[in-house]
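The values are calculated or read from the model by the stated rules, or taken from the named source; none is laboratory data. Nothing here was measured: the structure is a model prediction, and the numbers come from that model. When we count neighbours, we look across all protein chains shown, and the Cβ atoms used for this are built from the backbone with ideal geometry, even at glycine. To get the accessible areas, we keep the full protein, side chains included, count just its heavy atoms, and leave off ligands, DNA and RNA. Shrake-Rupley method; radii C 1.70, N 1.55, O 1.52, S 1.80 Å.
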Amino acid sequence: MRSRFAARPAHLTRLALAAVAAVALTATATATATATADSRSVTARACGTNDLNLKVRSETQAGGYLLVTAKAKSGVTCYLKGVLPSASFGSSIDTEVSPAEQGVSDSVTLSGSTAAYAGISPKTTDGDQGRQFDQLHLSVAGDEANSVTLDLPEAVTVHKPVGTNWHADPADAVPFAG
């Protein structure tokens, strides 16, 4: 018995294979383009210090602390990892801000009016120890080369400072010293 495929002329077989190949290539190209577009729209890049507008203000909770607010500059969409920002009040190692939290928090994607918050308690000890500072040096962790200097609303006494990770809610950025 003869197979139906053997009876088909060669030019029709080539034409059918070419059509199947064209459909497969079109589907692959469409899927790749869609995946690339989706990844651009969903995935933001990590923020650098230069991507941010940073402000600091005094708060009274937990014995008083500094609340740092970070917003992306116009036209920038990026994310801050939920880790402690690099911060210090001076150039001495004893003015560097240590972590007040044990783990990593959720990342915060910044764009438009969305903000991230970190809290810094400049003094975590009782007594008269410490030195007065009126500026805070701050950068996104890993981007210390682009550190910025923020004027504080008022001079603060600094001794064993601690800070929180970046958070989406300012209530989560209250540093408790222990």
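Key figures
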read-out: Among residues of the stretch 84-110, those that are in contact (Cβ under 8 Å) with a residue 60 or more places away in the chain, of a type in the set (V, I, T) and open to solvent by 50 Å² or more (accessible area, probe 1.4 Å), counted; value: 2
read-out: Number of positions in the stretch 72-120 that are more than 17 Å from T164 (Cα to Cα) and not hydroxyl-bearing (S, T, Y); value: 10
read-out: Residue list for the stretch 121-138, restricted to those being in a strand (DSSP E or B) and either buried (at least 19 other Cβ atoms within 10 Å of the Cβ) or in contact with a Lys or Arg (Cβ under 9 Å, 6 or more places away or on another chain) (or both); value: S121, K123, L136, H137, L138
read-out: Only listed residue being closer than 20 Å to L80 by Cβ and surrounded by 20 or more Cβ atoms within 10 Å (Cβ to Cβ), chosen from A145, A141, A118; value: A118
